Amino acid sequence: MSKIRWLLAAMGAALVGLVPVLGGTASAGADPGTILQFDTMTPVTGPYVGSANPIRAVPGGGLPWMITAGTGSLKSDGHLLVHVRGLVLADQSPVPPALQGTNPIPDFRAIVSCQSIGAGATATIANVSTAQFPASTAGNSDINATVSLPRPCIAPIVFVTSPGGSWFAATGG
């Protein structure tokens, strides 16, 4: 009988922990909810290099890239953290040999892309960008910014881009 009581008590504690997820309200000053957390990013490559096949109106960088690691999170209040390591030009043609394995761009930006609902209840894409953040020649950068998210922000994608807005890495794998 004590095993059953223990199991019920454990289940009750687990259910209490789920209440905020299931629709409970957060107190004022509570940490805003995480709407996206990621531990992988994919570099621009293949048919996504260049402007021929943009993703959500964001064109790919003009050459293929590679990435060692990309992690981060997006909060419902728009706070965005992105950490990229080894985001450099790919070790392959058509990248010139002298540039392979390097990052020639001194600053990166991030773009958060959301599907949203526009005027007349139409489906829209809303892309919001951060300011520029320093990036090393080894392709390391930490982006810590707050963007103004559309409401609703459906299926967000985070891009690491050039200052001009071409993406080098995007959430996903």
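Annotations for the structure displayed:
- Taking only alpha carbon atoms, region 55-173 gives an Rg to Rh ratio of 1.01, where Rh is the Kirkwood radius.
- Nonlocal amide H pairs with THR161, under 5 Å, H built at 1.01 Å: ARG109, ALA110, ILE111, PHE168
- Residue-normalised accessible area of region 110-157, expressed per residue, 1.4 Å probe, Å²: 50
- Estimated vicinal HN-Hα couplings, Hz - region 95-111 in sequence order (Karplus 6.51, -1.76, 1.60; Gly, Pro = x): 5, x, x, 5, 9, 4, x, 10, 10, x, 9, x, 9, 10, 10, 10, 10
- Region 97-173 - percent of accessible surface contributed by carbon and sulfur, probe 1.4 Å: 59
- For the peptides 65-75, 159-169, the ranking by mean Cβ contacts within 10 Å, running from highest to lowest, is 159-169, 65-75.
- Region 43-91: C-alpha gyration tensor shape, a/c 1.5 cut-off, then a/b vs b/c: oblate
- 3J(HN,Hα) along region 78-87, derived from phi through the Karplus expression 6.51 cos²θ - 1.76 cosθ + 1.60 where θ = phi - 60°, amounts to x, 5, 10, 10, 9, 10, 10, 10, x, 8 Hz, with x in place of Gly and Pro.
- Local electrostatic count at SER141 - Lys and Arg +1, Asp and Glu -1, tallied over other residues with Cβ under 14 Å: 0
- Under a 5 Å amide H cut-off, with hydrogens placed 1.01 Å from N, HIS79 pairs with VAL147 among residues at least 5 apart or on other chains.
- Local net charge near GLY72, Cβ-Cβ under 14 Å (Lys/Arg +1, Asp/Glu -1): +1
- Relative contact order for region 110-173, counting Cα pairs under 8 Å that sit 6 or more residues apart, in percent: 37
- Residue-wise HN-Hα coupling along region 147-161, computed from phi with Karplus coefficients 6.51, -1.76, 1.60 (Hz; x: Gly, Pro): 10, 8, 6, x, 10, x, 10, 9, 6, x, 10, 10, 10, 9, 10
- Cβ-based net charge around ALA123, under 15 Å, with every Lys or Arg adding one and every Asp or Glu removing one: +2
The values are calculated or read from the model by the stated rules, or taken from the named source; none is laboratory data. Please read all numbers here as calculations on a predicted model, not as lab measurements. Methodologically, a virtual Cβ is constructed for each residue, glycine included, from the backbone with ideal geometry; neighbour enumeration extends over all protein chains shown. For the accessible areas, the whole protein counts, side chains as well, though only heavy atoms, and no ligand, DNA or RNA atoms are used. Shrake-Rupley method; radii C 1.70, N 1.55, O 1.52, S 1.80 Å.
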